[in-house]
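Here is the structure we will look at, set down as structure tokens.
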Amino acid sequence: MTLPKIHLLGDAAVLCKLPSPATLTQQQRIWSLAEQAAAWPEVSEVVPGMNNLTLILHRPVVDLDSVSQRILDAWPDIDADHVAGRDIEIPVVYGGSDGPDLDFVARHTGLSSKEVIAHHSEGHYIVYFIGFMPGFAYMGGLDPALATPRQDEPRMSIPAGSVGIGGEQTGIYPLASPGGWQIIGRTAAPLFDPRQNPPTLLRPGDRVRFTVERNAK
């Protein structure tokens, strides 16, 4: 069993980090540890990341060894299958003005635009973590045939709901923002609403399917 390495982040946060590569099993253990640590009295907030978990504490760390030992004692008993995600479908309009990089992804991968859409919409994705901005879900499960590098120069503004490919992952921009992912489509699904609790549509562990709402002509 691989144990996390534990480091201080500032004076009141602790980082638990697992070695690369990120795998679903490792992410499941991160989610389970986050759920357990959220109930510890000294923990103010838990922030799951890719292959890591940050624990934000109420007070500055006086004894890192004791904090580390609590984490390491909990680690062997973590149930990696404990966090049950939901099944969520995201309707997408692919191509055209909604997916300006679809043709680029097709050229890079050697597939036709229709094949890119088919591969992407037939995939089964797992939300690994939420980051970059509120509601932005980094998802594993992208078909390796679709892997495409991010743009050399990020755009200054990408519309909310844009569905993109960045390297070996796919994700959705919940808000308009700068970004460098290759945009192949767009969804009208509300991914972030601060009036809701929780405010994000997607959560770590959720299983996501993209459905073809329509293709650009």
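The values are calculated or read from the model by the stated rules, or taken from the named source; none is laboratory data. Fair warning: this is a prediction, and the values are worked out from it, not measured in the lab. Quick reminder, even Gly has a Cβ in these numbers, built from the backbone with ideal geometry, and neighbours come from all protein chains shown. Keep in mind that these areas ignore ligands, DNA and RNA; they rest on the heavy atoms of the full protein, side chains included. Shrake-Rupley method; radii C 1.70, N 1.55, O 1.52, S 1.80 Å.
Structure above, values below:
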{"quantity": "Top-ranked residue of region 29-69 - restricted to ones that are within 15 Å of the chain's Cα centre (by Cα) and assigned to a loop (DSSP other than H, G, I, E, B), ranked as farthest from PRO4 (Cα to Cα)", "calculated": "MET50"}
{"quantity": "Index of the failed condition, TYR138 passing every other in (1) within 18 Å of GLY99 (Cα to Cα); (2) open to solvent by 10 Å² or more (accessible area, probe 1.4 Å); (3) within 11 Å of the chain's Cα centre (by Cα)", "calculated": "(1)"}
{"quantity": "Residue that is nearest to HIS58 (Cα to Cα), among those in region 1-24 that are open to solvent by less than 90 Å² (accessible area, probe 1.4 Å) and of a type in the set (S, T, N, Q)", "calculated": "THR2"}
{"quantity": "Of all residues making up region 143-174, the number that are of a type in the set (A, V, I, L, M), closer than 21 Å to THR211 by Cα, open to solvent by 10 Å² or more (accessible area, probe 1.4 Å) and outside any loop (DSSP other than H, G, I, E, B)", "calculated": "1"}
{"quantity": "Number of the exception - SER112 against (1) free of Cβ contacts under 8 Å to residues at least 12 places away in the same chain; (2) crowded, with 17+ Cβ neighbours inside 10 Å", "calculated": "(2)"}
{"quantity": "Residue count, region 175-191 (criterion: over 20 Å from TRP31 (Cβ atoms) and either in contact with a Phe, Trp or Tyr (Cβ under 8 Å, 6 or more places away or on another chain) or open to solvent by less than 60 Å² (accessible area, probe 1.4 Å) (or both))", "calculated": "11"}
